[in-house]
Amino acid sequence: MSSISKNIIKQALDLSPVATLIVDLQSEPQSVQYANQAFEALSGYDAGELVGRPWSRLTDSDETTSPGQRTVQLHCHARHGAAEELQFELYPLYDRPGSARYWV
């Protein structure tokens, strides 16, 4: 994998048809670090409106998300005002062994 640049990986995420967010678990509040085009289309928000902002801005929940792979149902708000129940698959991303820093 060392031969694949970060730019190529970012392009792959950007073009993925799967709506993808990366959230910093250690920031307070937990903030969005990345949103791809599919998530923009789903939510109606541009990535620039999401990145650096609290993840809770998109949900009715004030709960923080703990690390660990799981499926959650969240009541989410799209930009156009519609709210709907969405299912998220959460996968931890580790910056060092045993220490989940982000989820995707």
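The values are calculated or read from the model by the stated rules, or taken from the named source; none is laboratory data. In this text the structure is predicted, and so the values were computed from the model without any measurement. Don't worry about glycine lacking a Cβ; one is built from the backbone with ideal geometry, like all the others, and counts go over all protein chains shown.
Tell me which residues, restricted to the range 15-30, are in contact (Cβ under 8 Å) with a residue 40 or more places away in the chain, in a loop (DSSP other than H, G, I, E, B) and within 20 Å of Ala78 (Cα to Cα). It would help to see each step written out before you state the result.
Taking the range 15-30 first, the residues in contact (Cβ under 8 Å) with a residue 40 or more places away in the chain are 20-26.
From what is left, the residues that are in a loop (DSSP other than H, G, I, E, B) are 20, 25-26.
Correct list: Thr20 only.
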**OP:** Could you look through the range 62-104, keep only residues that are among the β-branched types (Val, Ile, Thr) and within 10 Å of Val23 (Cα to Cα), and pick out the one that is modelled with the lowest pLDDT?
**Re:** Thr65
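Does Ala12 count as outside any strand (DSSP E or B), of a type outside the set (Phe, Trp, Tyr), out of contact with any strand residue (DSSP E or B) (no Cβ under 6 Å at 6 or more places or on another chain) and closer than 20 Å to Leu86 by Cα? Lay out the reasoning, then the answer.
Values: outside any strand (DSSP E or B): yes; of a type outside the set (Phe, Trp, Tyr): yes; out of contact with any strand residue (DSSP E or B) (no Cβ under 6 Å at 6 or more places or on another chain): yes; closer than 20 Å to Leu86 by Cα: no.
No; evaluated as a whole, the condition is false for this residue.
Can you say whether Glu28 is at pLDDT 85 or above and surrounded by fewer than 16 Cβ atoms within 10 Å (Cβ to Cβ), as far as the supplied structure shows?
Details: at pLDDT 85 or above: yes; surrounded by fewer than 16 Cβ atoms within 10 Å (Cβ to Cβ): yes.
Spelling it out, Glu28 is indeed at pLDDT 85 or above and surrounded by fewer than 16 Cβ atoms within 10 Å (Cβ to Cβ).
Do you know which of the residues in the range 31-61 that are assigned to a loop (DSSP other than H, G, I, E, B), farther than 16 Å from Phe88 by Cα and not aliphatic (A, V, I, L, M) is modelled with the highest pLDDT? Give the derivation first.
The first filter runs over the range 31-61 and keeps only residues assigned to a loop (DSSP other than H, G, I, E, B), leaving 36, 44-46, 51-53, 60-61.
Filter once more, keeping what is farther than 16 Å from Phe88 by Cα: 44-46, 51-53.
From the residues that got through so far, the ones that are not aliphatic (A, V, I, L, M) too are 44-46, 52-53.
Working: Gly44: 85, Tyr45: 87, Asp46: 92, Gly52: 96, Arg53: 92.
Once the filter is applied, the top-ranked residue is Gly52.
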